[in-house]
Amino acid sequence: MTLSIIGIVLGLVAIGLIFWFRRDQEMTNDLVDSDLQGSLHGYNALMDDFTNFQIKCDRELTKLEKQIEIKETSRDRQIDKLKKDLPTDIRKIIGHIEFARPRDKK
């Protein structure tokens, strides 16, 4: 008889512990889920910021490439103009040198 009472008490204690551990596990799961949701929200915000940063950098790179292309085109035009005018400038200088009179007559 005492063994059956001890068995019933131990059974009730075991059932009580099972319910208590189950409730504790549910609370732990809720806490982990809330932490997970917070971290997912943070990761999504970070991903959005990084995407916006990449888009901004791509736009700036495109703008800089256009500026470089414009400056390069301008330099090419200046060089082409110098190449075009160079023979005339050389003829003018050589003409002055050929027809100049020497100052020293030794």
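The values are calculated or read from the model by the stated rules, or taken from the named source; none is laboratory data. Fair warning: this is a prediction, and the values are worked out from it, not measured in the lab. In this analysis, Cβ positions are derived from the backbone assuming ideal geometry, glycine residues included, and neighbour counts consider all displayed protein chains.
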Spot the failing condition for Pro102; the list is (1) part of a helix (DSSP H, G or I); (2) modelled with pLDDT under 95, and only one is missed.
(1)
Ile55 - would you say it is in a helix (DSSP H, G or I) and surrounded by 10 or more Cβ atoms within 10 Å (Cβ to Cβ)?
yes
Inter-residue pairs, beta-carbon under 6 Å, first in contact (Cβ under 8 Å) with a residue 12 or more places away in the chain and in the stretch 51-68, second surrounded by 10 or more Cβ atoms within 10 Å (Cβ to Cβ), 6+ apart:
none
Restricted to the stretch 73-99, and to residues that are among the acidic types (Asp, Glu) and surrounded by 10 or more Cβ atoms within 10 Å (Cβ to Cβ), which residue is modelled with the highest pLDDT?
Asp76
